[in-house]
1. Within the range 106-130, how many residues turn out to be surrounded by fewer than 21 Cβ atoms within 10 Å (Cβ to Cβ), at pLDDT below 85 and not in a helix (DSSP H, G or I)?
2. Residues in the range 63-115 that are touching a residue at least 40 places away in the same chain (Cβ under 8 Å) and more than 26 Å from residue 29 (Cβ to Cβ): how many?
3. Please work out which one of (1) surrounded by 13 or more Cβ atoms within 10 Å (Cβ to Cβ); (2) more than 27 Å from residue 116 (Cα to Cα); (3) at pLDDT below 70 is the condition residue 241 fails and give its number.
4. Could you count how many residues in the range 76-105 are more than 29 Å from residue 1 (Cβ to Cβ) and in a strand (DSSP E or B)?
5. Just one of 56, 61, 48, 3 is closer than 17 Å to residue 95 by Cα and surrounded by fewer than 19 Cβ atoms within 10 Å (Cβ to Cβ); which is it?
6. Can you tell me which condition residue 71 does not meet? The list is (1) modelled with pLDDT under 95; (2) crowded, with 19+ Cβ neighbours inside 10 Å; (3) under 27 Å from residue 2 (Cα atoms), and all the others hold.
7. Does residue 40 satisfy the criteria of being closer than 23 Å to residue 141 by Cβ, modelled with pLDDT of 90 or more and in contact with a helix residue (DSSP H, G or I) (Cβ under 7 Å, 6 or more places away or on another chain)?
8. Just for the range 88-105: of the residues that are surrounded by 18 or more Cβ atoms within 10 Å (Cβ to Cβ) and within 14 Å of the chain's Cα centre (by Cα), which one is nearest to residue 208 (Cα to Cα)?
């Protein structure tokens, strides 16, 4: 699904958005019964570098300052984090962390955050935009990827063929829309029904909802250990406190 098409489907009442430098989408849109949401994102398959991360974080912080509790919709069709010497030397990881914290601050200040994945997104760009939201949904054509198998093979030193075999039975080793929902990364796939209505329902949810991805992964049998480990950490931390 192309960006223009997605905007028309999600916001039939109208929107005022533009794509700035670094593939950063920004603007506002009407949804539901005359309500307004901030619209941001990384589009046109642009890799997220220091400049883009800083610009996107700036738009989020501006929404917090100027439009208290306005819902924030993030549309994603990006690459991975930008793998250039300049970005790495400037400390790209800190810029991505700043972006992540900006989204977290928005949620804590009462802004409902919903991401819609309609294209590709990978690695640090995925973590700092899609995975930090209250809800992450996907539409047909989405292709999420935390790390591709060749990259995992280089990092772990495991044979690529072994990783391919593991990916067939263990979703955490795989990528793509067929594998992310079972591990809880994607809350829902919107492949039918009125998408504008579904988005409106999502935007009217409670901001800063607890992260249930580990529990969702357990329920869907894609990530079996994370929920139990998280509960153990919480119990032991409570004892120490």
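1. Residues flagged as surrounded by fewer than 21 Cβ atoms within 10 Å (Cβ to Cβ), at pLDDT below 85 and not in a helix (DSSP H, G or I) within the range 106-130 amount to 1.
2. 6
3. (1)
4. Final tally of qualifying residues: 0.
5. Numbers: 56 fails: surrounded by fewer than 19 Cβ atoms within 10 Å (Cβ to Cβ); 48 fails: surrounded by fewer than 19 Cβ atoms within 10 Å (Cβ to Cβ); 3 fails: closer than 17 Å to residue 95 by Cα.
When all the criteria are applied, what remains is 61.
6. (1)
7. Details: closer than 23 Å to residue 141 by Cβ: yes; modelled with pLDDT of 90 or more: yes; in contact with a helix residue (DSSP H, G or I) (Cβ under 7 Å, 6 or more places away or on another chain): yes.
When the stated conditions are applied, residue 40 passes them.
8. The selected residue is 103.
The values are calculated or read from the model by the stated rules, or taken from the named source; none is laboratory data. The shown structure was predicted, so the numbers you read here are calculated from the model rather than taken from an experiment. Cβ: placed from backbone, ideal geometry, glycine included. Neighbour counts: every protein chain shown.
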